[in-house]
Amino acid sequence: MLVLVELDEHGVAPGSLEALAWAHPIARELGEPLHAAVFASGTIPPAAPGDPLVDLSLRAELARHEVSTVHTITHPELADYSPERWGESLAQLIAGLRPTAVVAAGTERGTETMAQAAARADLPLAVNCTELERSGAPGAEGPDGPDGRSWRLARIRQGGMLLEDAELTAPIAIVTLAPGAAESTAAPNAAAEPADVPEMQSDVPAVAVERFEPEFGDRFVASRLVGRTTRDGGVSLATARVVVSGGRGVGSADGFGPLEELAKLTGGAVGCSRVVTNNGWRPHSDQVGQTGTKVNPDLYIACGISGATQHWVGCMSSKAILAINTDPDAPMVKRATYAVIGDVADIVPAVVDEIHRRAQ
Ligand SMILES: Cc1cc2nc3c(=O)[nH]c(=O)nc-3n(C[C@H](O)[C@H](O)[C@H](O)COP(=O)(O)OP(=O)(O)OC[C@H]3O[C@@H](n4cnc5c(N)ncnc54)[C@H](O)[C@@H]3O)c2cc1C
């Protein structure tokens, strides 16, 4: 079984930690080793001695998730992200490895890469899955021929309004994990059973590293990165543990000042509803919901947001929701874990003042 592992500046990206945590019990159930694929472009810190491709902390993280082998995909054309090149690389790796299943986080990049890879490998793709298990006997014949395998899966559809049970028949199951559908914990006994994974140098985590160099023909068509804009610090909306989100009730772009301060004090990110982006108060990248980002923080603070279905599907996976609203009957208030009935322009500055007071 193969997991596409995305990296960020801290190592394995949060969505990929979830994908690893989700995949290893499935691999164990199948009695198969867990492999990881990483694109060794830019983000991987340099070399451990004798192992020039994957740094030690990354290997330790992968070992904690029972990964036995990491395939580092390297090519001069992969210095930057390119959906076509990533997809083609993954398709070539899949063709060589023939894993039973390939799993990626349902991030934008994970989904895009898996769609590219599946199309190039002529395999079906199931996105936003929450469950995956083999439903036929190993080696059983499926409609796709002797290699066809049957899988039962559950996946989230229609912006989160429908949980679908589905049957997938394919020689290799290509799936993405719905964001927030798994806890990003390490395997419980991974550290206790180092003998399960191949032995490496004593000071190097026991994960085998294999370099994979894809081939791109001269006429390979791919999009190319032409510029980069950096966010000024802070955490991303999709991975923030606290999201302070504002709706029409915030009143104006300036009304977001106290929300930004609260997000800063809680180490969180600012989100918003579509009314807010339609009004030009915040950029679309801040929008939470069906046509925005799906978030799953520990705490979602919904300020002056009614809780329309299209917004709710973007925040319903939050562990706790605090609604601040003047209307006690607003759907967001009814569904929230906690609610404060009042004017957002009074409540949020009061919370900010209280945090400052307690910090003194
Ligand atoms: C196809 C489609 C896709 C969509 N996708 C999205 C999406 O991705 N994300 C999204 O958010 N929406 C989306 N929408 C829009 C969605 O249906 C709602 O219109 C939108 O979420 C409402 O935004 P809101 O809660 O800010 O505004 P409103 O629904 O107008 O609610 C404002 C809330 O603020 C409260 N309020 C007013 N003043 C104050 C105050 N001073 N203090 C405290 N509370 C106050 C009110 O009681 C009310 O509950 C989509 C719609 C469609 C049709």
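The values are calculated or read from the model by the stated rules, or taken from the named source; none is laboratory data. Everything quoted here is computed from the prediction, not taken from an experiment. All Cβ positions, even for glycine, are placed from backbone atoms using ideal geometry, and neighbour counts span all protein chains on display. The area values use the complete protein model at the heavy-atom level, side chains included, leaving out ligands, DNA and RNA. Shrake-Rupley method; radii C 1.70, N 1.55, O 1.52, S 1.80 Å.
Pairing residues of segment 265-282 that are outside the structural domain of ASP298 (by the TED database) and closer than 13 Å to ILE305 by Cα with residues that are of a type outside the set (Gly, Ala, Ser) and in a loop (DSSP other than H, G, I, E, B), at Cβ distances under 8 Å and at least 6 apart in sequence or on separate chains, gives no pairs at all. Going residue by residue through segment 18-33, is there one that turns out to be crowded, with 23+ Cβ neighbours inside 10 Å, on the phi < 0 side of the Ramachandran plot and at pLDDT below 90? No, every residue in segment 18-33 fails to be crowded, with 23+ Cβ neighbours inside 10 Å, on the phi < 0 side of the Ramachandran plot and at pLDDT below 90.
Applying the set (1) within 12 Å of the ligand (Cβ to nearest atom); (2) within 29 Å of PRO14 (Cβ to Cβ) to ARG358 leaves exactly one unmet item: (1). Residues in segment 103-126 that are in contact with a helix residue (DSSP H, G or I) (Cβ under 6 Å, 6 or more places away or on another chain) and over 21 Å from GLU77 (Cα atoms): VAL103, ALA104, ALA105, THR107, LEU125. Scanning segment 254-280 for residues that are in a helix (DSSP H, G or I), within 16 Å of the ligand (Cβ to nearest atom), open to solvent by 50 Å² or more (accessible area, probe 1.4 Å) and over 15 Å from VAL344 (Cβ atoms) gives ARG274, ASN278. Determine, yes or no, whether ASN278 is of a type outside the set (Asp, Glu), at pLDDT 95 or above and more than 19 Å from VAL352 (Cβ to Cβ). Spelling it out, ASN278 is indeed of a type outside the set (Asp, Glu), at pLDDT 95 or above and more than 19 Å from VAL352 (Cβ to Cβ).
Of all residues in segment 211-229, exactly one satisfies the criterion of being at pLDDT below 80 and within 22 Å of SER16 (Cβ to Cβ), namely ARG228.
Going residue by residue through segment 289-299, is there one that turns out to be of a type in the set (D, E, K, R), touching a Lys or Arg at 6+ places or on another chain (Cβ under 9 Å) and within 20 Å of ALA13 (Cβ to Cβ)? Yes, that holds for at least one residue. Would you call ILE355 touching a residue at least 40 places away in the same chain (Cβ under 8 Å), open to solvent by less than 70 Å² (accessible area, probe 1.4 Å), of a type in the set (Val, Ile, Thr) and part of a loop (DSSP other than H, G, I, E, B)? Taking the combined requirement at face value, the residue does not satisfy it.
May I ask you to list pairs of residues, at least six apart or on different chains, whose Cβ atoms are under 7 Å apart, with the first in segment 143-165 being of a type in the set (Val, Ile, Thr) and the second being open to solvent by 20 Å² or more (accessible area, probe 1.4 Å) and modelled with pLDDT under 90? Pairs found: ILE156/LEU163. On the stretch given as segment 298-345, residues that are part of a loop (DSSP other than H, G, I, E, B), near the ligand (Cβ under 9 Å from one of its atoms), touching a residue at least 60 places away in the same chain (Cβ under 8 Å) and open to solvent by less than 50 Å² (accessible area, probe 1.4 Å) total 1. Just one of the listed residues (ALA173, ALA186, ALA208) is open to solvent by less than 60 Å² (accessible area, probe 1.4 Å), modelled with pLDDT under 85 and either closer than 20 Å to GLU32 by Cα or touching a Gly at 6+ places or on another chain (Cβ under 8 Å) (or both), namely ALA186.
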